[in-house]
Amino acid sequence: MIFLRSLTFNVCYLIWCLLYFTPCLLLMVFPQRFMLVAGHYWAIVVFWLLKVICGTTYEIRGVENRPKDQGFLLVSKHQSAWETIALMAFNTNPCFILKKELLRIPMFGWYLWKGGVVAIDRKAGTKALRQMIKESQKPLSDKRPIIIFPEGTRATPGQEPSYQTGIAALYTGLGVTVSPVALNSGLFWGRDAFVKKPGKIIMEYLPPIPPGLDRKAFMKRMQDTIEEASNRLMDEARQAEAKENG
């Protein structure tokens, strides 16, 4: 049954993307905000399909911890495509830091570009870090949250974390507040997974990390904060599943 529901969702997801994003090509000639609003409503329908077809719901916690009325750096655990969609849908005027290869994807890459992202060449080393810091300054001055996944790629639940030190350079270079985000999405929508499992995905905004820490202290605080909270959310989901199954 889970496989059939997942198949139905994936088909509906692709149809929805084609039906919605094809006319959205017209938005390429309008100001950036129109594309961001379009992305928000696209994501809302994706979550509705996920709920109705797969029985996968979501809960957003700790919104009061998210910095208000200022540009900030949002660093999130990364386990699936779900949080990419959610962080776009539930943050005002977000700016993602992502690998430049994504911009080459037909249509999808065009929309990313129009939404105003910071695209970097991850093979460029320190040059990429300098570019990332420089290009993040403009969206920050426009009070946009800069969103980055500090592990660089999606991880499976329980996998040993591997936080990239480049995030520390971004933190010190920008000198802004960091908003850490924990989640348990990988239990329900895994890394590159076809199957979508029923249950509740929880995303939680954690207490912010102020600017001014040295790199080593920042890295430890960020990783410990995100990992401890993500493990707690995954344990909560497993306990809920065990209780439901009797």
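Of everything in the range 42-67 that's in contact with a strand residue (DSSP E or B) (Cβ under 6 Å, 6 or more places away or on another chain) and over 24 Å from L187 (Cα atoms), which residue is least open to solvent (accessible area, probe 1.4 Å)? Top of the filtered list is P67. Output the residue which, of all residues in the range 107-134 that are open to solvent by 60 Å² or more (accessible area, probe 1.4 Å) and within 19 Å of A43 (Cα to Cα), is modelled with the lowest pLDDT. Taking the candidates together, the pick is F108. Within the range 31-41, if we keep just the residues that are open to solvent by 20 Å² or more (accessible area, probe 1.4 Å) and either modelled with pLDDT of 95 or more or in a helix (DSSP H, G or I) (or both), the residue that is farthest from A89 (Cα to Cα) turns out to be Q32. Kindly establish whether S185 is within 13 Å of S76 (Cβ to Cβ), in contact with a helix residue (DSSP H, G or I) (Cβ under 6 Å, 6 or more places away or on another chain), open to solvent by less than 40 Å² (accessible area, probe 1.4 Å) and among the hydroxyl-bearing types (S, T, Y). Answer is yes for this residue.
Contact map, the range 56-70: first residue closer than 27 Å to V45 by Cβ, second residue of a type in the set (G, A, S) and at pLDDT below 90, Cβ cut-off under 8 Å, separation 6 or more or different chains; the map is empty. Condition check: surrounded by 13 or more Cβ atoms within 10 Å (Cβ to Cβ) and within 25 Å of A155 (Cα to Cα). Does C24 satisfy that? No, not satisfied.
One line per residue, one yes/no per condition, for (1) under 25 Å from L25 (Cα atoms); (2) of a type in the set (A, V, I, L, M, F, W, C); (3) in a loop (DSSP other than H, G, I, E, B):
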position: E83; (1), (2), (3): yes, no, no
position: A86; (1), (2), (3): yes, yes, no
position: L98; (1), (2), (3): yes, yes, no
position: Y111; (1), (2), (3): yes, no, no
position: K114; (1), (2), (3): yes, no, no
position: Q131; (1), (2), (3): no, no, no
position: Q137; (1), (2), (3): no, no, no
position: K143; (1), (2), (3): no, no, yes
position: T153; (1), (2), (3): no, no, yes
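The values are calculated or read from the model by the stated rules, or taken from the named source; none is laboratory data. Keep in mind that what you see is a predicted model, and the values were worked out from it rather than measured. For neighbour counting, all protein chains shown are included, and Cβ atoms are generated from backbone atoms with ideal geometry for every residue, glycine included. Ligands, DNA and RNA are stripped out before the accessible areas are found, and what is left, the full protein with its side chains, is counted by its heavy atoms. Shrake-Rupley method; radii C 1.70, N 1.55, O 1.52, S 1.80 Å.
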